[in-house]
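Values quoted throughout were computed directly from the atomic coordinates according to the rules given, and no laboratory measurement underlies them. None of these values were measured; they are calculated from a predicted model. With ideal geometry, Cβ positions are generated from the backbone for all residues, glycine too; neighbour counts draw on all protein chains shown.
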Amino acid sequence: MSFLSSYIHYIGCFSLILIGLYVVLVKPNLIKVIIGINLMGTGVNLFLVTVGYIHAGTAPIFSEAAQQPEGMVDPVPQALVLTAIVIGVAVLALALSLAIRVYDHYGTLDLRKIKALRW
Amino acid sequence: MVSPILLIAVPLGLAFAIPVLGLASKRVPRYVPVIAMLFNLVVSVSLLPHALKAPIVVRTAGWAPPYSIHLVAGPLGVLLSSLIALIGLLVAVYGIDYIREGAKVKYQILYILMLVGATGVVLTGDIFNLFVFFEVLCISSYALVAYRGDSTGVEAGAKYLIQGAIGSGLVLIGIGLVYGTFGTLTMADIAANVSSVGSFRLFVSLAFLITGFGVEAAIFPLNGWLPDAHSSAPSSISAILSGIAIKAGLYAIARVVYTVYGASSILPFLAVLGIVTLLIGEMCAFGQEDIKRLLAFSSIGQMGLILFALALASATGISGAVFLIVSHGLAKALLFLASGYMIYRTGSRDISSLNGIGKRMPIMSLCFTVGAFSLIGLPPFVGFASKFTIVRAVLGTGSTFFITLLAIGLIGTVIEGAYFLRIVQGFYFKPAPEDSPEQTEGKVPFSALVPVGLLAVLILTIGLFPGIVGRVLGPAADDLLDRTAYVQHVMGD
Amino acid sequence: MRRLISLLLLLIVALGIFLCFSGASFGAEGASRAGKLTEDKVNFGRRYASRGLEENKAGNIVASVVVNYRGFDTLGEVTVLFIAAVGLAAILHARREEATPSKAEPASLIVFTGCRFLFPLILLLGAYIFIHGHLTPGGGFQGGAVVASGFLLIYLGCRGRGLRSAGVAVAESLSGLAFLAVALVGLAVGGSFLLNFLPKGSAFALFSGGVIPLIYVAIGFKVGSELGGIIDNLSGEAR
């Protein structure tokens with residue numbers, strides 16, 4: 001029980017990552033694959049935040065000088081996640097534009113049918 | 001001495017300025033990459049003597065490492081950034097007239113940013129910053145593979161993007177594990193603390209990092225995207241992707257394995273992977289009918305050989321690997337650039353349609369031949385010197401394991417020789433196909449002849465006088481191998 | 001078959017991750033249990049929390065980290081977004097030329113007026129978020145995203161009106177150059193890229209934190225114009 005309560009965050013975020021990976025590996029639809037990538041990205045971002053989390057911590061923002069920094073969570077993972085989210089948005093935008101063009105050319109989003117290029 | 005940070009800041013600023021310049025004049029943007037890369041080349045080369053004395057550590061935001069991001073311009077980093085700037089400059093000159101369709105201004109922006117990403121990867125000293133620049137490199141290559149919006153480009157771009165995005169996710173998990181364990185992101189700081197934590201978690205994080213970077217480096221089971229992406233992109237982009245981008249992935253792996261983790265126990269595994277990659281790449285290349293796909297598969301093979309040489313863990317081995325990075329970068333860029341105008345001329349990418357082109361395009365064919373011979377490893381070209389260094393390093397280790405692997409790897413080189421000689425034979429000794437339409441647009445402009453010719457001259461010159469590069473190779477190998485010196489330079493005392 | 005292999009692969013990954021959490025303490029929570037949270041050496045993020053306020057005079061420590069300590073990452077991050085905007089426009093370039101101008105059904109008067117009424121307010125909220133990024137939660141990226149949502153509203157409610165591409169290009173160029181210029185002035189003045197060279201003022205005031213608000217404003221403009229451009233391109237109307 002104590003294991004579950006102390007690692008519940010990690011279990012959650014790695015479940016998301018694994019679900020995302022499964023979707024990417026198994027689903028043939030390009031849009032679903034993109035959703036899978038995003039699920040995985042969300043899981044990774046959660047993981048990074050969790051790394052810096054301490055039990056009952058507060059946001060690392062001072063609104064008055066009297067506040068003590070001891071109870072604050074680690075600010076670095078939050079900055080890293082900001083970067084990771086923006087990168088995720090960039091990849092998502094590019095992926096969707098590619099999906100639009102793929103649909104224009106092939107009339108389908110089924111990756112099994114898009115096979116102009118082969119090894 | 002100029003600050004190495006300008007190697008990133010100045011091209012970035014020029015890229016940011018292109019949209020405004022493009023509004024003012026349609027012709028100006030195509031010359032901006034040339035200016036940016038010329039600046040980088042001059043600065044990189046002028047930094048080289050300083051970097052050879054001691055790695056230059058550049059702080060950002062005024063805080064000492066590990067409290068801020070810093071750049072480490074060591075011999076290896078500056079050598080690679082010079083290589084990136086050199087190839088980038090020549091390909092930028094080539095691109096002035098080569099790019100004829102699609103969003104031309106946007107091509108130039110993405111082109112600069114891709115090279116900025118590669119430069120950042122080889123210079124940074126912070127593992128998360130490495131990831132950010134890696135993403136700059138990767139995302140601009142996804143966009144460049146597909147930027148014309150044609151069917152093959154889009155399909156290759158989508159495949160590349162899916163695999164690359166998964167790879168980046170894995171890298172990020174690895175970085176999270178590292179940060180959770182050590183509470184730091186500075187590579188030197190991690191390297192100083194690595195021995196203090198239980199080894200299994202280190203192994204898992206290292207596995208995530210290698211797998212993630214391995215996607216971009218096209219190591220064997222992760223290289224499905226490469227032949228499509230490299231063959232569907234415009235030839236100038238293929239030259240950069242093959243010549244520089246995949247090497248950035250390999251550099252990241254080498255930096256993490258050697259400097260950060262000092263993980264010598266996984267090296268035999270990497271050596272085997274390298275040889276498998278080499279054999280698969282060369283065997284697939286042998287059966288190709290499409291010239292650009294053939295060159296792409298040959299890149300996979302060469303990456304395998306570089307990985308194998310990196311895994312030798314001896315100073316000579318790593319010198320050989322870095323030398324091969326240089327020689328393969330020059331040769332593969334030359335081959336893609338030369339084939340670009342041959343394809344324009346014949347209107348087809350089939351190898352058989354290139355028969356007899358030696359008479360119609362004598363200079364391009366001659367340069368292509370030089371590049372091909374250098375890749376095979378024939379003297380007096382630079383490929384011979386680099387491959388010879390690797391063979392010497394393997395014999396120097398004296399281990400039966402590595403010698404056996406090398407013997408298997410030599411089969412790959414023989415296959416490589418066979419298919420390149422077949423192409424060159426076709427150029428000169430086979431009659432041109434009867435029905436080939438003479439494309440008028442295939443006239444080779446001056447801006448394409450200069451870079452192709454210069455690359456051929458460089459390959460020959462460095463091949464005849466390997467000392468030009470050889471002087472840097474030893475310190476570059478030490479840069480990677482000598483962890484204590486690296487930590488000392490970055491962290492101070 | 002494919003599912004089976006995928007599941008097996010994921011099982012191995014999951015097992016590896018599971019095993020690596022058993023053992024030595026991990027993350028900030030682990031350090032907190034071991035009672036090492038106050039040691040700077042254990043986790044350099046703690047140092048920012050304890051010293052960031054006096055060093056940069058910005059109440060929001062995350063803003064300090066994003067713009068100052070790890071500002072170089074942020075430069076890369078802005079670049080990535082720029083690449084996405086440019087790449088997306090390039091990929092959809094041919095499509096926009098092929099597309100025939102479609103007649104958009106105008107929205108009803110209520111929707112139209114409502115959107116026009118809300119649009120300036122949304123821009124104002126976005127600007128507030130990025131100007132106060134060093135004091136309160138939020139910052140350049142968040143504010144920029146809010147600004148872009150205003151453009152999305154215009155696209156949905158007032159068909160036919162949209163961003164002028166020349167304006168977007170100028171805004172994203174100049175804001176990017178402004179970020180770089182501030183960083184380079186730091187290099188020229190104090191010998192360090194991104195140095196916080198301005199007087200830092202007193203904490204919790206609007207004019208505090210030195211260059212942090214300046215850079216956040218530049219980022220806000222850049223992110224707003226880039227996301228706006230992405231929306232404009234994805235909407236796919238030929239103009």
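Quickly rank C:49-57, C:225-233, B:17-25, C:6-14 as a protection proxy: mean count of other C-beta atoms within 10 Å, highest first.
Highest-to-lowest ranking by the protection proxy: C:225-233, C:49-57, B:17-25, C:6-14.
Summarise the partner chain shielding of A:98-108 as one whole number: the mean count of Cβ atoms from other chains within 10 Å of each residue's Cβ.
Shielding by partners across A:98-108 averages 6.
As an exercise, use a Förster radius of 51 Å and the Cβ-Cβ distance of C:Ser202 and B:Ser352 to find the FRET efficiency, rounded to the nearest 0.05.
With R0 = 51 Å, the Cβ-Cβ based efficiency is 0.10.
Label B:Val42 and B:Thr400 with points 7 Å out from Cα along Cα→Cβ: what is the distance between them in nm?
5.8
Expressed in whole Å with the largest first, what are the equivalent ellipsoid semi-axes of the range B:25-74 derived from the C-alpha gyration tensor as the square root of 5 times each eigenvalue?
Working from the Cα gyration tensor, I get semi-axes of 30, 17, 5 Å.
Take peptide B:53-65, look around each residue's Cβ out to 10 angstrom, count Cβ atoms belonging to other protein chains, and average those counts.
The per-residue average across the peptide is 5.
So what is the calculated 222 nm ellipticity per residue for chain B, using -39500 (n - 2.57) for each DSSP H run with n of 4 or more, over all residues, to the nearest 500 deg cm²/dmol?
Roughly -25000 deg cm²/dmol at 222 nm, from the helical runs in chain B.
Once you have all Cα-Cα distances for the range B:197-287, histogram them in 10 Å bins from zero and send the whole-percent values.
15, 45, 28, 11, 2
The range C:63-235: percent of C-alpha pairs farther apart than 23 Å?
Numbers: 6807 of 14878 pairs.
In whole percent, the long-distance tail amounts to 46.
Just to check, using Stokes-Einstein with a Kirkwood Rh over alpha carbon pairs, what's the diffusion coefficient of the range B:1-100 at 25 °C and 0.890 mPa s in µm²/s?
Result for D is 166 µm²/s.
How long are the three semi-axes of the equivalent ellipsoid of the protein assembly as shown, in whole Å, if each is the root of 5 times an eigenvalue of the C-alpha gyration tensor, listed from largest down?
They are 41, 33, 26 Å, listed largest first.
Filter B:Lys247/C:Lys222; B:Lys159/C:Lys222; B:Lys104/B:Lys443 down to the pairs with a C-alpha to C-alpha distance above 27 Å, please. Can you show the working numbers first?
Working: B:Lys247/C:Lys222 31 Å; B:Lys159/C:Lys222 29 Å; B:Lys104/B:Lys443 20 Å.
Flagged as over cut-off: B:Lys247/C:Lys222; B:Lys159/C:Lys222.
Whole-Å semi-axes of the range B:298-372's equivalent ellipsoid, largest first, each the root of 5 times a Cα gyration tensor eigenvalue?
They are 32, 12, 8 Å, listed from largest to smallest.
Going by average Cβ neighbours within 10 Å, how do the peptides B:395-405, B:146-156, A:18-28 rank, with the highest at the top?
Most protected by this proxy first, the peptides run B:146-156, A:18-28, B:395-405.
I'm checking a number: the convex hull volume of the Cα atoms of chain B, normalised per residue, in Å³. What is it? Provide the component values of the computation, followed by the final result.
Numbers: hull volume 64.7 nm³, N = 493.
In chain B, the Cα hull volume divided by residue count equals 131 Å³.
Over chain B, what relative contact order in percent results from Cα pairs under 8 Å that are six or more residues apart?
On the way: 837 pairs, mean separation 79.3, N = 493.
That works out to 16 percent.
Can you give the FRET efficiency for B:Val2 and B:Arg392, using 1/(1 + (r/R0)^6), R0 = 60 Å, r = Cβ-Cβ distance, to the nearest 0.05?
It comes out at approximately 0.95.
With only alpha-carbon pairs counted, each pair once and no self-pairs, how large is the Kirkwood hydrodynamic radius of the range B:58-142 in angstroms?
Radius from the Kirkwood sum: 14.1 Å.
Pop the C-beta distance of C:Thr113 and A:Asp104 into the FRET formula with R0 = 35 Å and round what comes out to the nearest 0.05.
0.45
Please list, in order, the residues from the range B:381-407 whose amide nitrogen is less than 17 Å from a point placed 7 Å along the Cα→Cβ vector of B:Ser314.
Counting only backbone N, you get B:386-407.
Given 20 °C and 1.002 mPa s, compute D for chain A with the Stokes-Einstein relation, Rh being the Kirkwood radius over Cα pairs; round to the nearest whole µm²/s.
Diffusion coefficient, whole number: 126 µm²/s.
Using only the C-alpha atoms of the range B:32-185, find the volume of their convex hull and express it per residue in Å³.
Cα-based convex hull of the range B:32-185, divided per residue, equals 115 Å³.
What residues have an amide H closer than 5 Å to that of A:Met72, excluding those fewer than 5 places away on the same chain, when H is modeled at 1.01 Å from N in the peptide plane?
Result for A:Met72 returns A:Thr58.
Go ahead and collect, in residue order, the members of the range B:370-396 whose backbone nitrogen is under 17 Å from a label point 7 Å along the Cα-Cβ direction of B:Gln425.
B:372-373, B:376
Kirkwood Rh and Cα-based Rg: tell me the resulting Rg over Rh for the range B:295-439, rounded to two decimals.
Reported Rg/Rh (Cα atoms, Kirkwood Rh): 1.06.
Pairing the Cα long axis of helix C:109-131 with the longest principal axis of chain C, what angle in degrees results, from 0 to 90 and rounded to the nearest 10?
Relative to chain C, helix C:109-131 is tipped by roughly 30 degrees.
Order the peptides A:34-46, B:254-266, B:177-189 from the highest to the lowest mean number of other Cβ atoms within 10 Å of their residues. Write out the running numbers ahead of the final one.
On the way: A:34-46: 22.0, B:254-266: 19.8, B:177-189: 25.8.
Order by mean packing, descending: B:177-189, A:34-46, B:254-266.
If you count, for every residue in C:191-204, the Cβ atoms of partner chains within 10 Å of its Cβ, what is the mean? Write down the numbers at each step before the final one.
Working: counts 4, 10, 14, 9, 5, 3, 1, 0, 0, 0, 0, 1, 4, 4.
Per-residue shielding by partner chains comes out at 4.
Where the convex hull is taken over the Cα atoms of the range C:181-239, what is its projected area averaged over directions, in nm²?
Result: a mean projected hull area of 5.8 nm².
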